[in-house]
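One structure is given here, and the rest of the page talks about it.
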Amino acid sequence: MKKPTKQTARKRINKDVISDSHDDDDVDNNNNNLQPQISRPSETEDDETHTVSAKDNINSPVINEKESKKQTFIVRTIWTLIMTLILFATLTAGQFWTIVAVLVIQITVFRECINITTQRAKMEELKYTHPLNWWFLITTIFYLDGRNLIKNFLTNFVVSDYTSVIAIKLVMHHRFISYLMYVTGFVGFVASLRKGYLKFQFAQLCVTHMTLLLVILQGHCIVNNILHGMFWFIVPAGLVIINDIFAYLCGITFGKTQLISISPKKTVEGFVGAWICTTFSSILLTYIFSNLNYFICPVSDNIYTNFFSVVECDPNAIFIPQIYTLPSFLVDILHKEFIQVKPIYFHTMVISMFASLIAPFGGFFASGLKRAFKIKDFGRTIPGHGGITDRMDCQFLMGSFSYLYYETFISTHNVNVGNILQSIIVNLEPQDIIILLKSLVSYLFKIGIIDESNLQKIIIALSA
């Protein structure tokens, strides 16, 4: 058996020392000789902590993104309910307040569209560009809606002789005044041109006129729809809203095929699904609103009626049920030769087709405009939704179509007392009005409505 060498003995002694030191560690953790052993597990714990922290850092963006989406969804839902309540409150308030709401929306959309196309640095140097934009807006609104607003002022408000004369003159010369206002803006624009900013200024002029065409002109069509009857406002607008909702629902459920590159989230499946759902929804909306005089009666003498007012009128023939002969293949299925239905159902199905297939391109147009200027939303007017333009981009196109469709296929151009009275006030002098009244009184006497004594009293009163 070999004897242990001095080197081996030293190793054993070192092992014993280390062993003794570990034993001492169990007794006293503050022993300085044990610092290397203590530091090693500490480094291991730091590595584990660092690993956990890294995982938290990786997961935290996902968690934050989920929380952000959840918060956005909640805010969006709340404001959707608020907008729905505002819509129904406005409809209940009547035609006048609905028209006011449309005018406010027009102005807000105009402001948002102009703001995204302007450069603040240049606008600070060009002090007259911004006021000129608003001047062209006022001119356009006055030209399109000013005449009706002034007539309504004359009909429904008690005014003095002085203000009445001014209002009548404004109506009589309305178009010429509108032209002078536009020429004033045009001259002001040319006078404001500055070297170094010419390209920007002419671009602003083009943007302003395009916005007036796409927003204010089509908004004027929506105002006329309200005057034709609230039905022609709420049904087209409601169909666009329904189509937007079902396009989203069908898109997230079935969507696979991209519809248009400018709006990547839009899918063919969502587009087609929304078309089908909107068509069926048009039947429901027509059933609800076509049975209420408040919605189907056009505005006549009093624009301040509301949902609770008693409204009477001779409804348009499309709101009266008519009998139709069924095709032979339907007779075999339904076992009926005839069916009674209101023609309005067929018209709203056409309108629903436009709301599903064409109106969404107003939204695509707005998406392209936002991408061109590298912005997410047109504004922050509605929390969770963006600007007013983000919600109304399809409505203007829908409103103009509804107006032209009504005027082409439905309007009967009925003459009412309010229109005749406004024409008399605007176009006749006081002496001519007295002559007209005498002629009307004589006519009423001839057909036996008034007797001779009352005829003489009225003639004497008018001649005094």
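Brief remarks on what is shown
- Residue within the stretch 332-339 that is touching a residue at least 12 places away in the same chain (Cβ under 8 Å), assigned to a strand (DSSP E or B) and among the hydrophobic types (A, V, I, L, M, F, W, C) present: yes
- Near pairs, Cβ below 6 angstrom, 6+ apart or cross-chain, from the stretch 255-271 (surrounded by 15 or more Cβ atoms within 10 Å (Cβ to Cβ)) to any residue that is in a loop (DSSP other than H, G, I, E, B): 267/255; 267/257; 268/257; 269/255; 270/255
- Neighbours by Cβ (under 8 Å, 6+ apart or cross-chain): first from the stretch 296-315, more than 16 Å from residue 97 (Cβ to Cβ); second of a type in the set (Ser, Thr, Tyr) and at pLDDT below 85: 301/155; 313/300
- Within the stretch 402-421, the presence of at least one residue that is within 16 Å of the chain's Cα centre (by Cα), in the same structural domain as residue 352 (by TED's automatic domain parsing) and not basic (Lys, Arg) is confirmed.
- Scope the stretch 320-349; condition in contact with a helix residue (DSSP H, G or I) (Cβ under 7 Å, 6 or more places away or on another chain) and not polar (S, T, N, Q); matching residues: 326, 337, 342, 343, 344, 345, 347, 349
- When every residue of the stretch 315-334 is checked against the conditions, none turns out to be of a type in the set (Asp, Glu) and within 28 Å of residue 77 (Cβ to Cβ).
The values are calculated or read from the model by the stated rules, or taken from the named source; none is laboratory data. Keep in mind that what you see is a predicted model, and the values were worked out from it rather than measured. Note that we place each Cβ from the backbone using ideal geometry, even for glycine, and neighbour counts take in every protein chain shown.
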